[in-house]
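See structure below.
The values are calculated or read from the model by the stated rules, or taken from the named source; none is laboratory data. Bear in mind that the values here come from a model prediction, so they are computed numbers and not experimental data. So basically every Cβ, Gly included, is an ideal-geometry build from the backbone, and we count neighbours across all protein chains shown. Remember, those area values only see protein heavy atoms, side chains included, never the ligands or the DNA or RNA. Shrake-Rupley method; radii C 1.70, N 1.55, O 1.52, S 1.80 Å.
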Amino acid sequence: MSSQMYTDLCAAPSSGSALELRFAEDTSLTEVMRLRVQSLQRSGQKRQEGERLLLPHEAVYRLDFANQELTFVHWSVSLIGNGRVTVTGISQLWTPDLTHLMTRQLLEPVGTFWRNAGDPEDTPLKCLEADIQEFGERIAELAKVRKVMYFLFAFKEGAEADKVSISVEFNQA
């Protein structure tokens with residue numbers, strides 16, 4: 001039986017009013033992107049140059065910002081079992097109802113969280129701490145000019161959407 005492992009990553013001292021935002025799957029947008037792939041496959045067409053198609057192990061998630069004056073504090077990630085989850089931010093240039101997703105709109109660095117197959121289930125998740133710190137700070141910066149931000153979540157090596165929960169904590173100005 002799997003136990004859930006919950007890890008706070010890049011925890012910083014919290015001052016001010018804390019706000020935790022949980023990533024939520026945007027099922028309708030994920031479906032639109034899957035239909036684009038199916039349409040191209042059926043018609044035998046190729047993707048546009050630079051277009052980023054959704055892969056079968058990916059889904060679109062979002063964060064909604066009620067407050068736009070935020071300072072990044074830390075990531076909270078839970079994963080049941082083993083696997084790898086990669087979170088890639090999408091720049092503000094993407095308007096999903098009007099344009100296809102282009103590779104130039106994907107932000108770096110990405111957030112990658114994992115637990116290897118041979119690791120005990122109570123092993124804390126691994127990550128590249130400098131990358132997730134920078135990524136969290138970048139999200140806070142983009143929140144200043146956006147009400148919503150989209151992300152690609154990739155589930156690999158045994159990770160599944162229903163076994164993962166990711167949120168980001170911010171301090172509110």
### Residues located in region 97-127, provided they are more than 14 Å from the chain's Cα centre (by Cα), of a type in the set (A, V, I, L, M) and either open to solvent by less than 80 Å² (accessible area, probe 1.4 Å) or at pLDDT 95 or above (or both)
101, 102, 125
#### Entry: Count - residues of region 73-91 that are over 16 Å from residue 29 (Cβ atoms), open to solvent by 10 Å² or more (accessible area, probe 1.4 Å) and within 15 Å of the chain's Cα centre (by Cα)
3
#### Entry: Residue check for residue 91: closer than 22 Å to residue 128 by Cα and without any contact (Cβ under 8 Å) to a residue 60 or more places away in the chain
yes
### Query
If you take the residues in region 99-116 that are assigned to a strand (DSSP E or B) and in contact (Cβ under 8 Å) with a residue 60 or more places away in the chain, which one is farthest from residue 65 (Cα to Cα)?
115
### Query
Can you name the residue in region 133-156 that is part of a loop (DSSP other than H, G, I, E, B) and within 16 Å of residue 19 (Cα to Cα) and is also least open to solvent (accessible area, probe 1.4 Å) among such residues?
144
### Message
As an exercise: evaluate residue 159 against (1) exposed (fewer than 15 other Cβ atoms within 10 Å of the Cβ); (2) part of a loop (DSSP other than H, G, I, E, B); (3) modelled with pLDDT of 95 or more and give the number of the one condition it does not meet.
### Response
(1)
#### Entry: Which numbered condition residue 94 misses (of (1) open to solvent by 20 Å² or more (accessible area, probe 1.4 Å); (2) of a type outside the set (Ser, Thr, Tyr); (3) closer than 16 Å to residue 53 by Cα; (4) modelled with pLDDT under 95)
(1)
## Note on the structure
Exactly one of 68, 45 is open to solvent by 60 Å² or more (accessible area, probe 1.4 Å), polar (S, T, N, Q) and not in a strand (DSSP E or B), and that residue is 45
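Looking at 153, 135, 170, which is the one that is more than 14 Å from the chain's Cα centre (by Cα), of a type outside the set (Ser, Thr, Tyr) and modelled with pLDDT of 95 or more? Even if it seems obvious, please write down each step before you answer.
Working: 153 fails: more than 14 Å from the chain's Cα centre (by Cα); 135 fails: more than 14 Å from the chain's Cα centre (by Cα).
Going through 153, 135, 170 in turn, just one is more than 14 Å from the chain's Cα centre (by Cα), of a type outside the set (Ser, Thr, Tyr) and modelled with pLDDT of 95 or more: 170.
Do we have any residue at all in region 117-124 that's closer than 22 Å to residue 167 by Cβ and part of a strand (DSSP E or B)?
Looking only at region 117-124, we keep the residues that are closer than 22 Å to residue 167 by Cβ, and these are 121-124.
If we keep only those that are part of a strand (DSSP E or B) as well, we get none.
No, because not a single residue in region 117-124 is closer than 22 Å to residue 167 by Cβ and part of a strand (DSSP E or B).
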#### Entry: The lone exception for residue 162 - which of (1) touching a Ser or Thr at 6+ places or on another chain (Cβ under 8 Å); (2) without any contact (Cβ under 8 Å) to a residue 24 or more places away in the chain it fails
(1)
